[in-house]
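Comments concern the structure below.
The values are calculated or read from the model by the stated rules, or taken from the named source; none is laboratory data. It should be emphasised that the depicted structure is a prediction, and the values quoted were computed from it without experimental measurement. Positions of Cβ are backbone-derived with ideal geometry, glycine not excepted, and every protein chain shown enters the neighbour counts. SASA here: full protein model, heavy atoms, side chains in, ligands and nucleic acids out. Shrake-Rupley method; radii C 1.70, N 1.55, O 1.52, S 1.80 Å.
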Amino acid sequence: MANAILTISSKNYGAWALRGWLMARLAGLEFTERVIPPDDPQMKAEMLLLSASIRVPALEHEGICVWDTLAIGEYLNEIRPQAGLLPAERAARAHCRAICGEMHSGFSALRSSLPMNIRAHFPKFKLWSRARTDIDRVLSIWTECLCTYGGPFLFGARPCMADAMFAPVVTRLLTYDVPLDDTCAAYCAQIMALPAMQEWVAAARAEPEEIDELDAEF
Ligand SMILES: N[C@@H](CCC(=O)N[C@@H](CS)C(=O)NCC(=O)O)C(=O)O
């Protein structure tokens, strides 16, 4: 029986949930999933008991409750340092934290106009200019990391916290059929090929919930 519980929401729509879940998987943490469906009227009350922000993901581990993906990533790095969630080298670690922070606090146009919806596909989706600007910045972050650290992941040979932070952007670029150069397309393929991502995507496709506003909007 795992001594950790990760509370998440929809696997099809929950981008923050995917980030926290993937970090926990990359850290090698054994955990039980608690899924609070987004349309559950009890959801807010249950979430408030776990996370003062009333948001998921939230991690409970050995009596400690951590919410917010960045805090969860830092916590996982402390309890599983050998997993390399943050790069070993100081300059790379600072770079990793900087781009995780940028993802956490930015890209609002990308997030609002291309919501995560793993089982959908919108060929030739028309991008608005602010979303285009966000996407260009993400692609330039990826390209710089892949060139600097040699790939195939953002900070080298194995996936880390930054890859988890950007994983929902990878699924969005595929959902909304955004054209990519070879370097970024190869990076997206690497992320999607991770066994944990394949597991998440299969569960997202099997999920019964449909959030009409998100399905109808695009
Ligand atoms: N900054 C938070 C964002 C978390 C977040 O917005 N989670 C969404 C689900 S993926 C949520 O809980 N939404 C419920 C709500 O907004 O009421 C984090 O990094 O964890």
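Structure notes:
- When SER10, SER53 are checked against the criterion of being closer than 30 Å to ARG137 by Cα and open to solvent by less than 20 Å² (accessible area, probe 1.4 Å), a single residue qualifies: SER10.
- Once segment 172-208 is narrowed to residues that are surrounded by 14 or more Cβ atoms within 10 Å (Cβ to Cβ) and not in a helix (DSSP H, G or I), the residue that is modelled with the lowest pLDDT is GLU207.
- Scanning segment 59-80 for residues that are within 12 Å of the ligand (Cβ to nearest atom), part of a strand (DSSP E or B) and open to solvent by 30 Å² or more (accessible area, probe 1.4 Å) gives a single hit, TRP67.
- Tally of residues being surrounded by fewer than 13 Cβ atoms within 10 Å (Cβ to Cβ) and of a type in the set (A, V, I, L, M) across segment 81-92: 2
- Being within 10 Å of the ligand (Cβ to nearest atom), without any contact (Cβ under 8 Å) to a residue 40 or more places away in the chain and hydroxyl-bearing (Ser, Thr, Tyr) is a condition met by at least one residue of segment 94-115.
- Residue that is surrounded by the fewest Cβ atoms within 10 Å (Cβ to Cβ) [pool: residues in segment 28-50 that are assigned to a loop (DSSP other than H, G, I, E, B) and modelled with pLDDT of 90 or more]: GLU30
- For segment 110-145, a residue qualifies if it is in contact with a helix residue (DSSP H, G or I) (Cβ under 9 Å, 6 or more places away or on another chain), in a loop (DSSP other than H, G, I, E, B) and either closer than 21 Å to GLY14 by Cβ or open to solvent by 40 Å² or more (accessible area, probe 1.4 Å) (or both), and the qualifying residues are LEU114, PRO115, MET116, ASN117, ILE118, ARG119, ALA120, HIS121, PHE122, PHE125, TRP128.
- Residue, nearest to GLN190 (Cα to Cα), within segment 146-171, restricted to residues that are assigned to a helix (DSSP H, G or I) and open to solvent by 10 Å² or more (accessible area, probe 1.4 Å): LEU146
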